[in-house]
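Notes follow once the structure below has been shown.
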Amino acid sequence: VPKAHRPQDALTSLSVEWLRILENEIRDTLHSEVSLLSEVPNYLLKLGGKRIRPALTFMLAQLCNQNTLTDDLLNIANGIELIHMATLLHDGIIDEAATRRGKESALSKFGLSYTLLAGNFLFVRAFGRCARLPSFIIKSTEKVCVLLTEGEIIEDEGIYRCEHALNIATRKTGALFGLAALAGIFVPTQDESLSQLGYSFGNDLGVAFQISDDILDVTSTEKELGKTPGTDIKERKPSLVNSLWYESKSQLARKILNSSDVITTLEISEALAEIENSGVIETTRNVGIEYVEKAKSTLNEICMQLNEDFDPNIRQKIELLTDYALDRLS
Ligand code: IPE
Ligand code: IPE
Ligand code: MG
Ligand code: MG
C-alpha cells in the first residue's frame with residue numbers, strides 16, 4: 001500500500017480509545033425508528049473512512065491539556081464527523097459517484113431520494129449535537145456549513161483558475177477542518193482568539209488535503225483511491241489540477257473543459273497522460289506544500305501562545321498529521 005493511503009500511521013498514535021468511544025456515539029446518533037433512514041448512513045459509516053476531522057479535534061484538545069473525553073468534546077467531534085458524512089452523501093449525488101470508500105456509493109446502492117434524505121438526517125443530527133455546545137461553537141458551525149454549501153455551488157461555474165480552485169478548496173474542505181481544530185481548542189480553553197488560530201491551522205491543512213485529493217484523482221488507481229480516478233476530468237471539476245492544467249494553456253484542456261459534450265474514455269486517458277507528463281502535477285504539489293508549511297507555522301504560533309504549557313508529545317502527533325498531508329502530496 002502506498003504511503004499516501006496509510007493515514008493510520010499518523011492516526012493510531014492518537015488516543016485510540018477516544019476514537020473508539022466516538023465510533024459508538026456516532027452509531028447511536030444514527031438511530032431512527034424508520035430503519036431505512038439509519039441504514040444508509042450506517043452503510044457509509046461501516047465502510048470506514050479516516051476520521052481525520054474528529055482526530056484533529058481530539059489532538060488539539062489534548063494539546064491544550066484536555067485529558068478526559070468530556071461530553072462537549074464528544075458531541076462536537078460527533079457533530080463534525082456527521083456533517084462530513086452528510087456532505088459525502090450529498091456530494092456523491094452532485095458528482096454522481098459510483099463508488100466511495102472502496103465500495104458501491106450510497107447513491108448507487110440506495111438511490112437518489114434515500115441518499116438525499118439520509119444526508120439531511122445527518123445534518124439535523126449533527127446540529128442537535130453541536131447545539132449542546134457554547135454559542136461560539138454553534139455560530140462557527142453555522143458559518144462553516146454555509147461555506148461548505150457555497151463551495152459545492154461555486155464548483156459549477158465553469159471557471160478554471162488557480163485562485164478559484166483554492167477558494168473552492170477553502171470552502172468545501174478547509175472550513176470543516178478549521179472547525180475541527182477550532183473546537184478542539186475552544187472546549188478546553190474557551191479562548192476565542194486562540195481558537196481562531198486553530199481554525200486557520202485546520203483550514204490550511206484541509207486545503208492541502210483537498211489539493212492532495214485532486215492530485216490523487218489523476219495519479220492513483222481505483223483500488224488505491226476507493227473511488228473512480230479521472231472523475232475530476234470527466235465531470236469537468238475546477239480541481240486545482242484541472243485549473244492549473246487549463247492555465248498552462250494546453251489545447252487539450254481548452255477543448256475538453258470548455259465543451260459540453262460527453263468526454264470519451266479516450267479523451268480522459270489522453271488528458272491523464274498529458275497532465276502526468278507536464279509540470280502541472282509538480283506545480284499543484286508545490287501549492288499544497290505551501291499550505292502545509294503555513295499550517296505548521298500556525299501550529300508553532302499556537303504552541304507559543306500556550307506558553308510552553310503543552311505536552312510536546314501531543315504536538316508531535318499533530319505534526320504527524322501534517323506530515324501525512326505532505327505524504328499524500330509526494
Ligand atoms: C473526502 O474526505 C472528501 C475530501 C475532502 C477530499 P476524507 O478523505 O476525509 O474521507 P473519508 O472520511 O476518509 O472517507
Ligand atoms: C470534497 O469534494 C468533498 C466534500 C467536501 C463533500 P470532492 O468531490 O472533491 O471529493 P471526492 O473526490 O468526492 O472525495
Ligand atoms: Mg464534489
Ligand atoms: Mg466527489
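Throughout, read-outs are computed from the coordinates displayed, never taken from laboratory work. Keep in mind that this is a model prediction, so the values were computed, not measured. Cβ placement follows ideal geometry from the backbone for every residue including glycine, while neighbour counts extend to all protein chains displayed.
Suppose R0 equals 30 Å. What FRET efficiency, 1/(1 + (r/R0)^6) with r the Cβ-Cβ distance, do Ile153 and Asp261 give to the nearest 0.05?
Computed FRET efficiency for Ile153 and Asp261 comes out at 0.80.
Structure remark: mean-square fluctuation, Gaussian network model of the chain, C-alpha springs under 10 Å; the largest value among Arg236, Arg27, Arg51 belongs to Arg27.
Taking the helices alone, the chain has a mean residue ellipticity at 222 nm of -23500 deg cm²/dmol, built from -39,500 (n - 2.57) per DSSP H run of at least 4 residues and averaged over all its residues. Here each label is just a point 7 Å from Cα along the line to Cβ, and for Thr221 and Ile289 those points are 2.7 nm apart. Gaussian network model of the chain, Cα springs within a sub-10 Å range: biggest mean-square fluctuation belongs to which of Lys46, Lys103, Lys143? Greatest mean-square fluctuation among the candidates belongs to Lys46. For Val34 and Lys249, a Förster radius of 41 Å and the Cβ-Cβ distance give a FRET efficiency of 0.15, rounded to the nearest 0.05.
Each Lys and Arg adds +1 at its Cβ and each Asp and Glu adds -1 at its Cβ; summed about the Cα centre, the chain shows a dipole of about 440 debye.
What does the net charge come to around Ile26 if you take all other residues with beta carbon closer than 13 Å to its beta carbon, with K and R at +1 and D and E at -1? Working shown, then result.
Values: positive: Arg20, Arg27, Lys46, Arg51, Arg53, Arg125, Arg129; negative: Glu23, Glu25, Asp28, Glu81.
Net charge around Ile26: +3.
Paramagnetic label reach from Glu282 (point 7 Å along Cα→Cβ; backbone nitrogen cut-off under 14 Å): within the stretch 241-276, residues 275-276.
Can you give the net charge of the other residues whose Cβ lies under 14 Å from the Cβ of Thr298, counting K and R as +1 and D and E as -1?
On the way: positive: Lys294, Lys296, Arg315; negative: Asp204, Glu290, Glu293, Glu301, Glu319.
My count for the surroundings of Thr298 gives -2.
Computed about its Cα centre, the charge dipole of the stretch 52-161 is approximately 400 debye, with only Lys, Arg, Asp and Glu carrying charge at their Cβ.
Where the eigenvalues come from the Cα gyration tensor of the stretch 187-237, what are the semi-axes √(5λ) of the equivalent ellipsoid, largest first, in whole Å? Provide the component values of the computation, followed by the final result.
On the way: eigenvalues 231, 24, 12 Å².
Value: 34, 11, 8 Å, ordered largest first.
With the charge dipole of the stretch 263-330 set up from +1 on Lys and Arg Cβ and -1 on Asp and Glu Cβ about the Cα centre, the Cα lying farthest toward the positive end among the listed residues Asn300, Ile281, Ser330 is that of Asn300. Which loop chymotrypsin sites (Phe, Trp or Tyr not before Pro) in the stretch 257-330, with loop taken from DSSP, have no more than 15 other Cβ atoms within 10 angstrom of their Cβ? Counting only loop positions with at most 15 other Cβ atoms within 10 Å, none of the chymotrypsin sites (Phe, Trp or Tyr not before Pro) in the stretch 257-330 qualifies. Among Pro229, Pro134, Pro41, the residue with the largest mean-square fluctuation in a Gaussian network model of the chain, with springs joining Cα atoms closer than 10 Å, is Pro134. Its residue count N fixes a reference of 2.2 N^0.38 Å for the chain, and the Cα radius of gyration divided by that reference is 0.97.
DSSP H helices in the chain with Cα extent of 24 Å or more along the helix axis and mean Kyte-Doolittle hydropathy at least -0.5? List each step's numbers first, then the result.
Values: long enough: 71-95 (35 Å, 0.58); 112-130 (27 Å, 0.94); 135-154 (28 Å, 0.88); 192-219 (40 Å, 0.20); 280-305 (38 Å, -0.20); 312-329 (26 Å, -0.44).
Answer set is 71-95, 112-130, 135-154, 192-219, 280-305, 312-329.
The three principal axes of the Cα atoms in the stretch 175-330 give end-to-end lengths of 57, 27, 25 Å, sorted in falling order.
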